[in-house]
Amino acid sequence: MDYQQLVAELTTVGMTQAQIARACACGQSTISDIRKGKTPDPRASTALALIKLARRNGVRVAIDDLVDVHAGESPGSSLSGQSTDAAPVLREVSHGA
C-alpha cells in the first residue's frame, strides 16, 4: 500500500477528501495531489496523520508498506528530498500513537 492507496481506502470507508484534509491539518488540495499520485511521499506530519486516521477508521496499515526503511536512505533525509528526522515519526507510529 502507498499513500495514494491509503487515501483511496479512507474514501472507501466514507470519508471525503475535505474530511481527510481537516483530520490531517492540511489542505484538500494536498490530499487530492496524494490521491492523484502527484505527491507520492507527503511530508512526515501529513504521512503520520494519514496513518493514524486510517488506523482509527479500521484501515490496516503497515508502516513498512509506506516507508521503505531498508532503501539505504541516510538518516535525516526523506524520499522527497526534504530534510526530516523520520525516527520519531516511525517510533510514534510503531508504538500505536
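Annotations
- Kirkwood Rh in Å, taken over all unlike Cα pairs in the range 1-59: 10.8
- Applying 1/(1 + (r/R0)^6) with r as the Cβ-Cβ distance of V13 and K38 and R0 = 22 angstrom yields a FRET efficiency of 0.45.
Read-outs: derived from the displayed coordinates by stated rules, not from any lab. Just so you know, these numbers come straight off a predicted model, no measurement behind them. Ideal geometry is used to build each Cβ from the backbone, glycine not excepted, and the neighbour counts take in all protein chains shown.
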